[in-house]
Structure formats: C-alpha cells, structure tokens
Number of protein chains: 2
Amino acid sequence: MSKIDAIPYKIYLSENEMPKAWYNVRHAMKNKPAPLLNPGTGKPMTAEELASVFCEELVKQELDNETEYFPIPEEIYNFYKMYRPSPLVRAYCLEKALDTPAHIYYKFEGNNTSGSHKLNSSIAQAYYAKKQGLKGVTTETGAGQWGTALSMACAYMGLDCKVFMVKVSYEQKPFRREVMRTYGADVTPSPSMTTNIGRKILSEFPDTTGSLGCAISEAVEVAVSTPGYRYVLGSVLNQVLLHQSVIGLETEAALKKYDIVPDIIIGCAGGGSNLGGLISPFMRDKINGKLNARIIAVEPASCPSLTRGVYAYDFCDTGMVCPLAKMYTLGSSFMPAPNHAGGLRYHGMSSILSQLYDDGYMEAVSAVQTDVFKAAEQFARVEGILPAPESSHAIKVAIDEALKCKQTGEAKNIVFGLTGTGYFDLVAYQKYNDGLMDDYIPTDEDLKASIAKLPKIG
Amino acid sequence: MSKIDAIPYKIYLSENEMPKAWYNVRHAMKNKPAPLLNPGTGKPMTAEELASVFCEELVKQELDNETEYFPIPEEIYNFYKMYRPSPLVRAYCLEKALDTPAHIYYKFEGNNTSGSHKLNSSIAQAYYAKKQGLKGVTTETGAGQWGTALSMACAYMGLDCKVFMVKVSYEQKPFRREVMRTYGADVTPSPSMTTNIGRKILSEFPDTTGSLGCAISEAVEVAVSTPGYRYVLGSVLNQVLLHQSVIGLETEAALKKYDIVPDIIIGCAGGGSNLGGLISPFMRDKINGKLNARIIAVEPASCPSLTRGVYAYDFCDTGMVCPLAKMYTLGSSFMPAPNHAGGLRYHGMSSILSQLYDDGYMEAVSAVQTDVFKAAEQFARVEGILPAPESSHAIKVAIDEALKCKQTGEAKNIVFGLTGTGYFDLVAYQKYNDGLMDDYIPTDEDLKASIAKLPKIG
C-alpha cells in the first residue's frame with residue numbers, strides 16, 4: 001500500500017505536534033500592508049494612540065511587520081488543547097459523490113461550542129487583556145460566532161465581557177444570545193440607548209435593525225470611556241490573522257505527514273480572519289517560490305469587496321470612531337441586502353489580504369447564496385457535517401474545482417477551510433428548504449454610491 | 001516524566017485502533033435480559049413476529065444473547081470514520097476548578113451534526129434496512145437527537161426517512177426540524193391525522209402536545225402498513241446497546257493506552273443506549289471479577305425509572321402496539337411534568353440495564369434539573385463544551401464524586417459519558433439563565449397511579 005492510499009479520513013496531529021508559535025505572514029510579504037491611519041491627522045496610528053482602544057501586547061502584534069514567529073503563551077496553548085488540534089479531513093465521501101479524481105481536504109474548525117475558528121483569536125485577546133490587569137472587554141457581534149467565542153474565552157480567563165449584538169440578530173438568533181449568557185456575557189442589542197453613538201443613530205433612524213459597523217462604534221465607545229476596559233475585534237486586524245495562523249500551520253503539518261502538496265487552497269472571506277490564517281504558511285512558500293498552488297478567496301456576490309470593491313483607505317465602522325484601514329472596500333456605508341443569509345457581510349477586507357490580492361498572489365471569486373446553500377446541503381448529506389453558510393462559500397468553489405478535475409482527469413489536491421457549523425443558521429436553511437431564498441447582486445450604481453463616500457485620504 | 005503526567009487533554013485513537021466489532025454485553029451476563037413478549041399471547045416474540053416491524057439482521061441482533069462480538073460491516077465502519085473515534089477528554093480544567101485530586105475523564109460523543117451518540121446506532125440500522133432492499137424507515141423523536149441522527153444516516157444510505165416528532169418539540173424546536181429536512185427527512189408532528197392511532201388520540205385529546213409513547217405508536221403503525229418500510233428505535237433495545245458498545249470499546253482502548261483503571265464510571269440514563277454502550281466492556285470485566293469499579297446510572301428526579309420504578313413487563317408505547325419488555329418502569333402512562341427540560345423522559349429502561357441493576361452490578365441516583373443545569377454551566381465555562389441537558393446529569397454526579405475525593409484526598413479515576421451538545425436546548429438554558437426553571441419530583445401517589453396500570457403479565 002502506498003503512503004497516499006493510507007491517508008485516513010481525518011488527519012489528527014498529536015498535541016505535541018501542535019504549533020508552538022503563531023506565524024506572521026507579514027514577515028514574508030514584499031509589500032507590507034498599509035498602516036492604520038488616524039482619521040483626524042491622516043498620519044499612521046502610533047502605539048500610544050492604539051493603546052487607548054486595544055491591549056498593549058495586541059498593539060505590538062498589530063504593528064509588527066517583521067517578527068516571523070510569536071510564541072504562543074502557555075495558558076493560551078493549554079486552552080487550545082481543549083479543542084485543538086482540529087482535524088484535517090479527507091472528503092472521501094464527497095469525492096465519491098462527485099466522481100472526481102481530485103483529492104479534497106478540509107480543515108474543520110467547528111468542533112467547539114463557539115462553532116467556529118473565532119475561538120483561536122478570542123482566547124488570545126482575552127489572555128492579553130487579563131495579563132494587562134484589565135477588568136473586561138467590549139466587542140460587537142453580527143451572526144454571533146465571534147461574540148460566542150469571546151464569551152467562552154472571557155469565562156475561562158475571568159474577564160467581564162460586554163457584547164453589542166446587531167439588533168436583528170439579537171432578535172432572530174435568541175439561542176446565540178443564550179449561549180453567550182450561559183458563558184456569563186452581558187449582551188446588548190445594537191443600536192442601544194447606552195451609548196452616545198447608539199442614541200444618535202436611534203434618533204435619526206428609530207426603526208433601524210442595526211449593522212455591524214454601528215455595533216463596532218458602540219463597543220469602541222464603551223471601551224474607551226470605561227476604566228479597565230479595552231475593545232477587541234474578531235477579524236480584519238493583523239493581530240487576528242496572526243492568531244488564526246494556527247489553522248494554516250496545523251494544516252501544513254498534517255499535509256506534510258502524508259507528503260501531500262496542495263494545488264488549490266480555498267477559503268471563504270468576510271473580514272479575512274479564517275482565510276488569512278489558513279493560507280499564511282502557504283503564502284510564505286508561494287512568495288518565496290517554493291509552492292505553486294492557487295489560492296482562492298470566496299466572497300458572497302451580495303458583498304463583493306475583493307471582486308468589485310476598490311483598494312483604498314476607508315472607515316472600519318459606521319460611527320467613524322475607528323482608525324482608517326487601507327483595504328479592498330465597498331465603502332463603510334455599504335449594506336448587504338437584508339435577504340442576505342450567507343454571512344460575510346463586512347464592507348471591507350483585511351489589509352494583509354488586500355495587499356496580497358493586489359500583488360497578485362491570490363485570486364477571488366464570488367458566489368450567490370442559493371448556490372452556496374445547494375453546495376452546503378450536498379456536503380452535509382455525504383460528509384455529515386452541517387456547515388455554516390460562511391464556510392459553504394468555500395465548499396461551493398471546492399466542488400466547482402473538483403468537477404473541473406473530473407473534466408480534465410487531474411488528481412489535484414484541493415484544500416479548503418471549513419470554518420464552522422450551521423447550528424445557529426437554521427432560519428436560513430429553513431428559507432432554503434422552503435424555496436424562499438433568493439439572490440441579490442448589488443448593481444454598479446449601488447456600489448458607485450457607497451464607494452463615492454470613501455474618505456479622501458491616502 | 002511519568003506516564004500518568006503525560007496524559008494529553010484529549011486521547012484520540014488512530015483509525016486503525018477503532019473497534020472492528022461491536023461487543024454484546026449479554027454474552028457476559030449470568031442472568032440474561034428477559035425476552036420481549038407478544039402482548040396478545042404473552043409468549044416470547046419470535047424472529048418471524050419481530051420481522052414485520054424490524055429488519056431481519058436487526059431482529060437477529062435483538063434476540064442473540066450468546067454471540068460475543070458482531071463484526072462492524074465495512075460501510076458502517078467507513079461512516080464511523082467520518083466522526084469517530086471520538087475523543088476521551090481529560091477534564092484538566094474542571095479538576096482545577098474543583099480543586100480535586102480526582103482524575104476526571106469524559107468520552108465526548110457530540111462532535112457530529114446530530115450532536116449526540118445516537119448516530120452510532122442510526123447508521124447501523126439504516127445500513128441493514130438498505131441491505132434488506134427496503135425503501136425507507138419510520139421512527140419517532142422527542143427532543144430530536146435521534147431523528148436528526150437517523151436523517152443523517154438515511155441521507156447517506158439513500159433511504160427514505162419518516163419521522164414522527166412529538167408535537168411540542170416540533171413547535172418549540174423548529175431548528176431540529178430544519179436539520180432533519182436538510183437531510184431530506186419527512187417530519188410530521190405527532191399525534192397526526194395520518195395514522196389510526198393518531199386520529200384516535202386526537203379525537204380523545206384534541207389539545208394534546210404529544211408524547212414519545214404516542215409517536216412510537218404512529219411510527220410503528222406506518223412501518224407495518226407501508227410496503228418496503230420498517231420501524232427503527234434509537235434506544236432501549238438490545239440491538240441499540242450493541243451498536244453503542246463502540247463508545248465503551250473506544251473508552252477502554254483509550255484508557256489502556258495510558259494504563260488508567262477507572263474507579264467510577266458514570267452515565268446518564270433515559271432509555272439506556274448511551275449508558276449501556278459506555279459500560280459494556282467494563283461490565284464484562286466487573287461480572288468476571290477483573291474490575292472493581294462502581295458503575296452509576298444518573299436519571300432525572302422527574303422521571304426516575306430505576307430509583308423509584310418497578311421491575312416488571314410493560315408496554316414500550318402509549319398505543320400498546322409494541323411488544324412488552326421487562327424493565328424498570330414507571331408505567332407507560334407516566335408522563336414527566338411539562339416543565340421538565342432535562343431530557344431522559346422515557347418511562348422505562350433498557351432490559352439489559354434493568355437486569356444488571358437488579359443483579360446489583362450497577363448503582364442508580366437521580367438529580368433535579370436545576371442542579372443539573374448548574375453543573376452544565378460550571379462545566380461549560382471551564383471545559384468549553386456546552387453540554388446537552390441529558391449529558392449534564394452525568395456531569396452533575398461526576399462533580400459530586402470528584403468533590404468527595406477532595407474530602408478524602410483520593411485520586412480516583414472518574415470516567416463519564418458526555419453524550420452530546422446542548423445547541424438545540426437553548427430554550428431550557430434560557431429558562432435556567434432567567435431563573436425561571438423549577439424542579440419537579442413526582443409524588444408517591446403519581447407513581448402508584450401509573451404503575452397500577454401495568455399489564456398483568458410475566
């Protein structure tokens with residue numbers, strides 16, 4: 001039996017094969033990501049300025065483009081061991097159902113109560129907050145994966161956790177809210193009357209169901225105005241991609257165990273945390289000419305920042321209290337259609353990924369949500385796991401690529417990130433099951449309008 | 001470093017260490033479980049009689065008290081590999097939180113979309129149905145774990161799946177229903193107008209919210225009256241405990257890897273499928289005098305079949321269409337109070353476990369649900385996993401035993417079954433979080449009334 005034939009359904013690393021340090025892909029980048037700018041001065045944010053919003057250690061990680069590896073502190077490492085290493089799964093059943101010669105692998109990050117990869121960064125951020133002697137942290141959450149992950153991490157570290165949850169999700173996803181409460185978090189629907197920005201938005205738009213950008217503004221306001229508090233964010237930032245590199249490092253180690261060289265690496269992309277983490281070590285090899293793989297970002301057609309956005313400085317939030325980031329963006333006033341159920345609704349994209357995309361190291365494609373749910377259902381029925389809508393964007397493109405291999409007869413190695421489970425997305429699945437889901441693609445005029453509102457900087 | 005110190009957070013077996021055969025604990029039992037009786041004749045059910053309800057191969061497994069091992073067919077084995085082996089987790093964080101010298105281990109069966117151990121038997125039952133050339137299967141589901149597990153297995157095997165879901169759950173757990181529909185199942189609220197027994201019950205009790213016993217009757221009626229269909233059941237039966245022995249065999253193999261000898265083994269007990277599967281190989285050693293461990297069944301104080309029931313022949317369903325089983329029972333007319341949120345609401349207990357309990361090989365304790373949810377929350381906050389209410393009964397008693405070790409200073413090895421996750425039980429968690437959950441313990445008069453209705457047989 002050849003080594004390839006012996007590949008198990010799930011490649012598990014042992015605990016001592018888990019990465020001991022996070023990998024910083026900025027070290028390998030020839031063009032570094034653009035710095036965050038102070039919206040008042042237009043100058044790069046200094047460590048001092050950032051320290052009023054973020055923990056000190058995280059500010060260092062945010063600004064450091066040179067250090068290649070950051071050791072994972074022991075307490076974080078021990079927490080990781082409760083749900084990591086995560087399996088790299090060989091999708092034998094999907095391959096059989098597609099009748100493809102391709103070998104499909106997925107890195108499954110959903111085997112934890114938060115249901116997604118977000119826990120990899122939330123525990124790190126909670127740890128540094130605790131280490132700094134803080135009392136608590138604030139954050140926003142949309143679908144609720146990040147809020148859940150942060151609640152779990154704060155319960156473990158003994159930190160207070162205030163979550164601003166987009167109002168429509170707060171009302172439509174009461175179970176997500178209850179998980180957070182079970183972990184001891186204080187969950188407020190956003191916009192709320194507890195902040196200046198919330199009161200302002202509610203006075204202008206009393207019927208608003210909220211947005212991620214608005215919830216960010218509220219969370220930041222509370223963090224900077226409450227002694228002993230800082231703000232934490234689950235995606236987009238450099239520090240988050242650093243923590244999420246644990247996904248890519250484990251994937252790399254698991255593939256190496258069986259001498260598997262990936263031909264195509266696929267990840268869904270909202271703010272970019274999962275994709276950035278998954279591809280980090282592979283991107284290093286690609287930049288250095290050691291790996292020839294295609295790297296594909298998949299985004300929803302309803303919120304297409306890479307495929308239809310512009311590369312420019314923009315606000316990260318609606319209230320415009322956050323620093324400016326240079327990124328592929330649709331403009332901070334862009335709102336995906338309310339019928340969009342597939343997650344990944346952020347208007348911008350991680351600065352690291354934006355730069356890599358701009359430099360040509362990465363491709364991007366978009367998918368409409370009915371295609372995404374169709375792929376999700378097909379995957380669920382043969383592979384067992386009910387995937388999150390976000391993750392299903394990657395499934396959709398992995399299936400497309402595997403079917404191309406069927407045409408060409410190539411046995412390509414396709415690796416994709418399965419970021420989480422869909423247990424809390426069953427309203428969306430119900431819509432799909434009932435045939436009530438439709439697709440929305442913003443018009444060029446829609447995008448022109450929101451892009452026209454970009455700040456005139458950079 | 002001693003071998004004990006090197007115990008990882010999670011002990012994973014490799015795929016080739018997975019058990020190749022199910023273990024039949026009846027082989028080791030000195031007193032075999034009592035046979036199923038034909039309610040009409042009072043005589044033991046023959047294979048022919050059972051074959052109108054169950055698949056042939058499953059009838060053989062049901063009646064066979066002698067064969068020690070049943071090889072696991074390759075197709076089932078390949079399905080198992082998608083989500084098994086499941087981890088045996090060392091609860092380091094819980095031990096630390098309790099400040100106990102005890103070593104706590106739990107076998108976690110929730111890492112699959114059905115969210116519980118039920119998949120171990122549903123795939124086996126679906127496989128044998130398909131092998132027999134059947135078109136589909138029928139079943140009932142209460143909380144929905146079994147219905148979900150069966151839907152997944154039928155999707156994989158290409159079988160139709162008709163699920164009668166207790167009406168109150170159908171309405172209160174729409175997400176469970178949607179998972180089943182995503183896997184292609186046909187889900188009907190029970191009682192329904194589609195069966196004779198359903199129509200009869202609805203004409204007598206038009207406002208009933210249904211019960212497990214009634215849903216069983218409907219599912220059996222459809223199975224025996226529809227060509228190409230059979231009925232499948234997720235607990236209680238001997239065949240189900242046989243399939244679930246994979247839990248115990250993996251646990252045994254994982255403990256042996258690190259020379260760990262269990263002192264206490266704890267499982268929650270509703271119909272007995274998880275507990276029976278977990279303890280099977282350990283019970284063999286206990287019967288044979290090779291193991292001195294305590295084995296503890298934990299049941300809800302609101303449905304206490306072992307601790308307050310009688311050992312007698314009883315109906316398995318409300319419609320009295322099923323064979324009679326000898327078991328610890330509260331009477332088939334017993335209904336747990338509607339405020340009971342903790343699962344495990346079946347009036348009887350597996351015949352195998354009933355006999356083992358009656359023979360003194362097993363202890364039983366009961367717990368009230370607020371204590372169970374308190375333990376669940378404590379566990380979730382330190383171990384990360386949000387446990388199912390059912391599983392949390394075992395957590396509660398594991399914590400109690402670990403705290404006793406703290407008193408005595410003993411480093412006992414405590415092993416318990418964590419059967420599933422609580423993702424679909426958040427209505428119950430919300431009730432607990434809001435302080436609205438109360439406890440219910442049936443009075444002696446309640447139990448006397450339902451026990452008085454037992455059939456006069458055996």
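Filtering A:N120, A:N112 for residues that are at pLDDT below 95 and surrounded by 23 or more Cβ atoms within 10 Å (Cβ to Cβ) leaves a single hit, A:N112.
Tell me yes or no: at least one residue of the stretch A:412-419 is modelled with pLDDT of 95 or more, open to solvent by less than 60 Å² (accessible area, probe 1.4 Å), within 14 Å of chain B (Cβ to nearest Cβ) and at negative phi. Yes - at least one qualifying residue is present in the stretch A:412-419. For the stretch B:294-311, a tally of residues being assigned to a strand (DSSP E or B) and crowded, with 20+ Cβ neighbours inside 10 Å returns 6. Scanning the stretch B:232-262 for residues that are farther than 15 Å from B:V25 by Cβ and in contact with a Cys (Cβ under 9 Å, 6 or more places away or on another chain) yields B:V232, B:L233.
Taken over the stretch A:40-60, residues that are buried (at least 17 other Cβ atoms within 10 Å of the Cβ) and assigned to a loop (DSSP other than H, G, I, E, B) amount to 4. Mind listing just one residue for me: the one in the stretch B:328-387 that is within 14 Å of chain A (Cβ to nearest Cβ) and not in a helix (DSSP H, G or I) and, of those, nearest to B:K118 (Cα to Cα)? Per the stated criteria, the residue is B:P387.
Of everything in the stretch B:8-20, what is buried (at least 20 other Cβ atoms within 10 Å of the Cβ) and among the hydroxyl-bearing types (S, T, Y)? Give them in sequence order. Hit for the stretch B:8-20 is B:Y12, nothing else.
Going through (1) within 14 Å of another protein chain (Cβ to nearest Cβ); (2) out of contact with any helix residue (DSSP H, G or I) (no Cβ under 7 Å at 6 or more places or on another chain); (3) assigned to a loop (DSSP other than H, G, I, E, B) one by one, B:V89 falls short only on (3). Residues satisfying the criterion are present in the stretch B:142-158 (criterion: farther than 16 Å from B:K118 by Cβ, touching a residue at least 24 places away in the same chain (Cβ under 8 Å), surrounded by fewer than 22 Cβ atoms within 10 Å (Cβ to Cβ) and within 14 Å of chain A (Cβ to nearest Cβ)).
For the residues A:K173, A:K167, A:K256, A:K200, the requirement of being closer than 30 Å to A:R90 by Cβ and charged (D, E, K, R) singles out A:K256. Condition first: at positive phi and either facing chain B (nearest Cβ under 10 Å) or of a type in the set (K, R) (or both). Can you find one or more residues in the stretch A:106-118 that meet it? Checking the stretch A:106-118: at least one residue is at positive phi and either facing chain B (nearest Cβ under 10 Å) or of a type in the set (K, R) (or both).
Just for the stretch B:21-39: of the residues that are modelled with pLDDT of 95 or more and under 20 Å from B:A219 (Cα atoms), which one is most open to solvent (accessible area, probe 1.4 Å)? Steps first, answer last, please.
Taking the stretch B:21-39 first, the residues modelled with pLDDT of 95 or more are B:21-37.
Next, only the ones that are under 20 Å from B:A219 (Cα atoms) stay: B:36-37.
Details: B:L36: 28, B:L37: 11 Å².
Here the answer is B:L36.
Determine whether A:L291 is open to solvent by 10 Å² or more (accessible area, probe 1.4 Å) and either aromatic (F, W, Y) or in contact with a helix residue (DSSP H, G or I) (Cβ under 6 Å, 6 or more places away or on another chain) (or both). I'd like the intermediate steps shown before the answer.
Details: open to solvent by 10 Å² or more (accessible area, probe 1.4 Å): yes; either aromatic (F, W, Y) or in contact with a helix residue (DSSP H, G or I) (Cβ under 6 Å, 6 or more places away or on another chain) (or both): yes.
So A:L291 passes the test.
Residues considered: A:Y106, A:Y127, A:Y170. Of these, the only one that is hydroxyl-bearing (S, T, Y), in contact with a strand residue (DSSP E or B) (Cβ under 6 Å, 6 or more places away or on another chain) and open to solvent by 10 Å² or more (accessible area, probe 1.4 Å) is A:Y170.
The residue list B:R230, B:R284 contains one member that is of a type in the set (K, R) and under 25 Å from B:G142 (Cα atoms), which is B:R230. Counting just the residues of the stretch A:433-457 that are in a helix (DSSP H, G or I), of a type outside the set (A, V, I, L, M) and open to solvent by 50 Å² or more (accessible area, probe 1.4 Å), which one comes out farthest from the other protein chains (Cβ to nearest Cβ)? Taking the candidates together, the pick is A:K448. The condition (being open to solvent by less than 10 Å² (accessible area, probe 1.4 Å), at pLDDT 95 or above and touching an Asp or Glu at 6+ places or on another chain (Cβ under 9 Å)) is satisfied by just one residue among B:A398, B:A380, B:A394, B:A402: B:A402.
For the stretch A:176-193, a residue qualifies if it is in a helix (DSSP H, G or I), without any contact (Cβ under 8 Å) to a residue 60 or more places away in the chain and at the interface with another protein chain (Cβ under 8 Å from one of its Cβ atoms), and the qualifying residues are A:E178, A:R181, A:T182.
The values are calculated or read from the model by the stated rules, or taken from the named source; none is laboratory data. Everything quoted here is computed from the prediction, not taken from an experiment. So basically every Cβ, Gly included, is an ideal-geometry build from the backbone, and we count neighbours across all protein chains shown. With ligands, DNA and RNA removed, areas are computed over all heavy atoms of the protein, side chains included. Shrake-Rupley method; radii C 1.70, N 1.55, O 1.52, S 1.80 Å.
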